[in-house]
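Only one structure is covered here, and it is reproduced in the block below.
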Amino acid sequence: MERGLAANTLASYRRDLDRYLAALAARGVADLAEVTTGDVAAHLAALREGDGTHPPLSAASAARAVSAVRGLHRFAHAERLTATDVARDVAPPTPPRRLPRALSVAEVERLLAAARTVDGPLGLRDAALLEFLYGTGARISEATGAAVDDVDLAEGLVRLHGKGGRTRVVPVGGYAVAAVEAWLVRGRPALAARGRGTPALFLNGRGGPLTRQGAWGILRAAAARAGLGGGARAVSPHTLRHSYATHLLDGGADLRTVQELLGHASVTTTQVYTLVTVERLREVYAMSHPRAR
């Protein structure tokens with residue numbers, strides 16, 4: 001809470017710690033002061049192996065769970081509840097570095113066109129949501145958390161409320177401005193009349209605020225209509241964010257500007273997108289240069 005973490009992050013950490021405390025209880029440990037480094041290491045091993053109740057965790061999920069455990073012991077030691085920080089030397093697993101998947105510009109255009117095939121207010125909302133996601137690079141939680149007053153269509157700007165309580169103002173492209181304006185004028189009033197009144201920019205069919213799960217469903221349906229792959233290649237809200245960043249870099253934007261637009265606290269997080277563009281350059285080279293093979 002002191003770090004201003006998002007509600008979803010807090011919920012994940014709570015689940016991680018509940019599981020950890022249950023594991024300690026199963027080992028007969030009832031007090032944090034009794035925990036040893038071996039107990040923490042054994043818990044990490046159990047996370048990776050899984051059991052009858054829980055499937056094995058990936059390196060990324062196990063790293064998050066161990067981060068929560070390390071935070072608990074660091075706090076307990078700082079508050080003098082324990083003599084030492086027994087989790088300090090238990091290193092979390094290193095997740096494999098995966099390149100984020102980005103759609104091509106043509107695929108994005110197919111996706112956005114598919115969103116416009118739904119009739120009525122819901123179709124206007126779907127088109128506005130997907131244009132908004134791709135036109136601003138917003139996280140799904142930032143889009144569903146946006147209020148009508150956060151959008152300045154005349155100036156082409158939107159205020160996004162990001163992770164850690166950080167707020168940023170980013171430009172909105174002309175296509176997204178037009179789609180959001182159509183939604184606000186011709187779509188939102190009809191849905192808002194079904195609800196109890198909410199400042200949320202995007203609404204569900206009952207007139208309440210659109211949830212993250214609802215936004216996922218909208219995107220999934222549009223991707224299916226556009227013929228964009230499922231399984232490992234399924235399109236997610238973060239796919240649009242990756243595409244936004246990749247296309248900016250491909251178009252000549254500098255890394256520092258993209259960092260600000262994405263709301264990354266560190267430029268290191270943004271640097272993964274430079275790997276995407278390098279891979280794209282490699283593909284183009286292999287297909288185009290007569291001596292590439």
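The values are calculated or read from the model by the stated rules, or taken from the named source; none is laboratory data. Model, not experiment: these values are computed from the prediction. Quick reminder, even Gly has a Cβ in these numbers, built from the backbone with ideal geometry, and neighbours come from all protein chains shown.
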Subject >> Evaluation of PRO199 against (1) more than 21 Å from the chain's Cα centre (by Cα); (2) surrounded by fewer than 23 Cβ atoms within 10 Å (Cβ to Cβ); (3) farther than 24 Å from GLY4 by Cβ (one fails), failing number >> reply: (3)
**OP:** Starting from region 68-94, take each residue that is without any contact (Cβ under 8 Å) to a residue 12 or more places away in the chain and list its partners that are assigned to a loop (DSSP other than H, G, I, E, B), counting only C-beta distances under 7 angstrom and pairs at least six apart or across chains.
**Re:** HIS77/THR84; HIS77/ASP85
Original post:
Would you call GLU131 assigned to a helix (DSSP H, G or I) and under 30 Å from GLU2 (Cα atoms)?
Top reply: no
Original post:
Can you name the residue in region 21-73 that is closer than 21 Å to THR94 by Cα and acidic (Asp, Glu) and is also surrounded by the fewest Cβ atoms within 10 Å (Cβ to Cβ) among such residues?
Top reply: GLU49
**OP:** Could you check how many residues of region 42-72 are in a helix (DSSP H, G or I) and within 14 Å of ALA23 (Cβ to Cβ)?
**Re:** 14
**OP:** Can you give me the number of residues within region 137-183 that are surrounded by fewer than 21 Cβ atoms within 10 Å (Cβ to Cβ), assigned to a loop (DSSP other than H, G, I, E, B) and at positive phi?
**Re:** 1
Original post:
Just checking, which of THR211, THR167 is within 23 Å of the chain's Cα centre (by Cα) and within 18 Å of ALA127 (Cα to Cα)?
Top reply: THR211
**OP:** Considering each residue of region 222-256, count those that are outside any loop (DSSP other than H, G, I, E, B), loosely packed, with under 13 Cβ neighbours inside 10 Å and in contact (Cβ under 8 Å) with a residue 40 or more places away in the chain, and give that number.
**Re:** 1
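Would you mind finding the one in LEU191, LEU219 that is closer than 19 Å to PRO237 by Cα, touching a Pro at 6+ places or on another chain (Cβ under 9 Å) and assigned to a helix (DSSP H, G or I)?
Of LEU191, LEU219, the one residue that is closer than 19 Å to PRO237 by Cα, touching a Pro at 6+ places or on another chain (Cβ under 9 Å) and assigned to a helix (DSSP H, G or I) is LEU219.
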**OP:** Please work out which one of (1) at pLDDT 90 or above; (2) closer than 30 Å to LEU47 by Cβ; (3) of a type in the set (A, V, I, L, M, F, W, C); (4) touching an Asp or Glu at 6+ places or on another chain (Cβ under 9 Å) is the condition LEU99 fails and give its number.
**Re:** (1)
**OP:** Go through (1) surrounded by fewer than 15 Cβ atoms within 10 Å (Cβ to Cβ); (2) touching a helix residue (DSSP H, G or I) at 6+ places or on another chain (Cβ under 7 Å) and name the single condition GLU79 misses.
**Re:** (2)
